[in-house]
Structures are given as C-alpha cells and as structure tokens.
Amino acid sequence: MSILITGVAGFIGFQVAGRLLEQGEAVFGIDNLNDYYDVTLKEARLARLRTHPGFTFRKLDIVDRQDVAGLFAGRRFDRVLHLAAQAGVRYSIRNPHAYVDANLAGFVNILEGCRHSQVGHLVFASSSSVYGANTRLPFSERDNVDHPVSLYAATKKANELMAHSYAHLYGLPCTGLRFFTVYGPWGRPDMALFRFTEGILAGKPIPVFNRGEMIRDFTYIDDIVEGIVRVMDRPAAANPDWSGNSPDPATSYAPYRIYNIGNNRPVKLMRYIEVLERCLGRKAVLDLLPLQPGDVPATTADVTALGAAVGFQPGTTVEDGVARFVEWYKAYYRVGGA
C-alpha cells in the first residue's frame with residue numbers, strides 16, 4: 001500500500017512510519033519542520049527514516065492549500081494518517097491563531113485532498129483533551145464532549161465534526177483516535193517526561209502542576225503505534241444500528257468511528273515522578289504549582305471499543321516505559337557516559 005503520513009517528523013508520525021516501513025509499506029511523509037520544539041530532533045528522526053528505500057519525504061505545510069492539493073493530485077494514496085497539527089494545551093492560550101491555521105484550515109485541506117483522490121481510509125489524530133470538563137471516569141467515546149477547556153481541545157473536537165461531515169457527504173471512511181498522554185523514546189521535548197528528565201539531571205526544580213494531584217493515563221509509544229497500525233487496516237464502516245433518536249457520538253450511519261487509545265491504567269503524577277527518579281538514580285526538586293488554565297486534573301481511557309474492533313489493548317507499564325525512555329535519552333544526549 002501507499003500511505004501518506006502528515007507530521008512524519010513528529011513523535012508519533014516518526015514511530016508509525018518506521019513500523020510501516022519495516023512491514024514493507026511505501027510511506028510518503030510530509031512535515032513543515034516548524035520550530036515549536038527542537039528542529040534537530042525532528043531532523044534526526046527523518047535521518048533514520050531515510051535509511052529505508054520505501055520512504056519519501058517532502059517538506060510541506062498543510063496550511064498551504066495549493067501545495068496540499070498538488071500533493072494529492074500527483075499521487076494516489078491508499079491510506080492517510082493525519083498527525084500534523086499544532087500541539088500543546090498551554091501554548092494554545094498564548095498563540096491561538098497557530099491552532100486555527102494548522103488544526104482547522106490545515107485539516108480542511110487534508111479532507112479535501114482525501115475526498116478528491118478517493119483515499120480508502122483517513123485516520124486522524126484527536127486527543128483526550130476533548131473530554132474537557134467531563135469528570136466521569138473512565139472517559140468513553142460515547143460521552144458528550146461539548147465542554148472543552150482549551151482552544152487546542154476545541155480544535156480537536158472540531159476535527160471530529162469536520163471528518164464526520166466528509167464521511168456523510170462523500171462516503172470518505174474516517175477514524176479519529178483520541179490519544180492519552182503519549183510518552184517514550186524520541187518523544188516531544190515540551191512534554192512532562194522530557195522536561196522532568198532535563199530538570200532532574202540538571203539539579204533544577206521541575207514544575208509540578210496542581211501540586212502533584214494529577215492523574216494521567218500515560219500511554220507508551222509502542223502501544224500507540226500498534227493501535228494505529230491495526231486501525232489503519234480497518235476502514236471505518238457505517239453502524240447499521242445507529243439511530244438519530246439516540247445518537248451514538250462514537251459511530252454513525254456514515255463510515256465514521258472514534259476510538260480512545262489509552263493505557264487504561266491511570267497513574268498519579270507523583271508516582272510517575274518516583275519511577276523516573278529511580279530510573280535516573282536521582283531525586284527531583286519539586287516546584288509545586290497550581291492547576292494551569294486549560295489543564296484537567298484526571299484522564300482515564302475506556303478502551304473497550306478499540307479492543308473489540310482491532311483486538312488490541314495497550315498495556316505497557318510506566319515502570320517499563322519510563323525505563324526505556326531514560327535509556328534512549330541518555331544515549332541520544334550522551335548523558336552519564338552513554
């Protein structure tokens with residue numbers, strides 16, 4: 001198959017591309033290589049992908065309507081994995097227009113490309129952030145998610161609605177994946193695990209929001225990749241039992257599905273830090289701070305639907321996952337003689 005991955009130099013895109021290339025798939029990757037975080041890390045990811053003969057890369061910004069249209073006009077893709085987006089809850093408060101451009105206008109460009117070239121399946125990144133003010137745990141895809149607490153979350157909810165409209169109007173099979181706190185080797189430097197590791201090794205205080213009273217469904221990258229690959233091979237289909245009298249938000253009369261991908265093993269933030277301290281062999285200096293605007297105190301994923309659909313449920317423990325991240329971090333940044 002020919003597979004397009006947007007945001008291929010990003011954390012998840014890079015890992016999925018590597019897995020697909022190892023399986024013998026042809027992967028065409030695009031990325032604008034912006035400087036939201038360290039571009040050299042993105043370039044290092046791309047360097048590894050370029051060792052595969054089945055990989056093609058083009059620097060392209062999904063916000064550029066003409067470039068995206070030209071991409072789809074020039075090639076035929078069997079599957080599209082759309083991961084390119086402006087990420088980050090807190091950054092959306094400081095720079096909202098970046099989210100409107102990339103997450104809304106950019107997504108329309110991808111949808112248009114998919115429908116005009118009759119892509120067989122569009123899989124796109126949503127987020128656990130869409131659950132917003134919801135407090136009933138675990139979060140289910142069948143819950144109402146109309147109360148976002150950040151613009152980032154609002155754009156991800158909008159992506160789900162936009163995808164459904166294209167599934168309805170054009171029969172484009174669309175599957176949205178709500179990721180829950182992804183971590184692991186080659187991760188994003190703006191995420192907590194990266195920042196905690198940097199701070200602890202430097203002997204600097206690490207920011208701990210909500211004074212540590214946070215619970216997260218930390219999900220290891222290999223589990224995310226496995227879930228994505230399985231979902232890509234299962235194009236969304238109409239639910240024959242769907243009813244407009246009692247609408248199920250996770251399915252539709254159109255070829256449309258929403259799945260959570262989370263570990264389903266909620267972990268307290270302080271426990272996460274303790275595991276990291278043990279792996280690094282150092283104690284953290286904690287800077288206890290209040291809950292930040294846009295954040296939520298707890299996330300837990302109901303992954304029943306994902307398991308029923310593709311026969312897989314994430315299960316890597318934080319003890320194993322954090323240890324693998326630390327091993328990679330020390331080798332990549334040559335810390336402690338690695």
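The values are calculated or read from the model by the stated rules, or taken from the named source; none is laboratory data. None of these values were measured; they are calculated from a predicted model. Every residue, glycine among them, receives a Cβ derived from its backbone with ideal geometry; neighbour counts consider all protein chains shown. What goes into the accessible areas is simple: the full protein's heavy atoms, side chains included, and nothing from ligands, DNA or RNA. Shrake-Rupley method; radii C 1.70, N 1.55, O 1.52, S 1.80 Å.
Overview of values
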| read-out | value |
| --- | --- |
| Computed FRET value (nearest 0.05) for R50 with S246, which takes r as the C-beta separation and R₀ as 45 Å | 0.35 |
| Solvent-accessible area, 1.4 Å probe, carbon plus sulfur percent, for segment 45-93 | 43 percent |
| Given charges at beta-carbon only (K, R positive; D, E negative), |dipole| of segment 1-158 in Debye | 140 debye |
| Count of Lys pairs (Cα-Cα under 29 Å; at least 8 positions apart or interchain) in the chain | 15 |
| Using alpha-carbon coordinates, inclination of helix 106-116 to the longest axis of the chain, degrees | 30 degrees |
| Dipole-positive endmost among I62, L83, F72 within segment 50-89 (Cβ charges, Cα centre) | F72 |
| Chain lengthening between A308 and V39 when straightened (0.36 nm per residue, less Cα-Cα) | 93.0 nm |
| Accessible area (Å², per residue) of segment 83-151, counting only protein heavy atoms and a probe of 1.4 Å | 42 Å² |
| Anisotropy class of segment 43-143 from Cα gyration tensor, a/c 1.5 cut | prolate |
| Options I273, I3, S127, ranked by Cα towards positive dipole end of the chain, top entry (Cβ charges) | I273 |
| Degrees, to the nearest 10: 269-280 long Cα axis against longest axis of the chain | 70 degrees |
| Computed helical MRE - 222 nm, the chain, DSSP H runs ≥ 4 contributing -39500 (n - 2.57), nearest 500 | -11500 deg cm²/dmol |
| At R0 = 35 Å, FRET efficiency that the Cβ-Cβ distance of A105 and D143 yields, to 0.05 | 0.80 |
| Candidate residues R178, R216: accessible-area rank, largest first, probe 1.4 Å | R216, R178 |
| Cα-based helix-to-principal-axis angle, 318-332 vs the chain, degrees rounded to 10 | 80 degrees |
| Check: the chain dipole with +1 on Lys, Arg Cβ and -1 on Asp, Glu Cβ, in debye | 520 debye |
| In order through segment 73-81: 3J(HN,Hα) via Karplus (6.51 cos²θ - 1.76 cosθ + 1.60), integer Hz, x for Gly, Pro | 5, x, 9, 10, 10, 6, 9, 10, 10 |
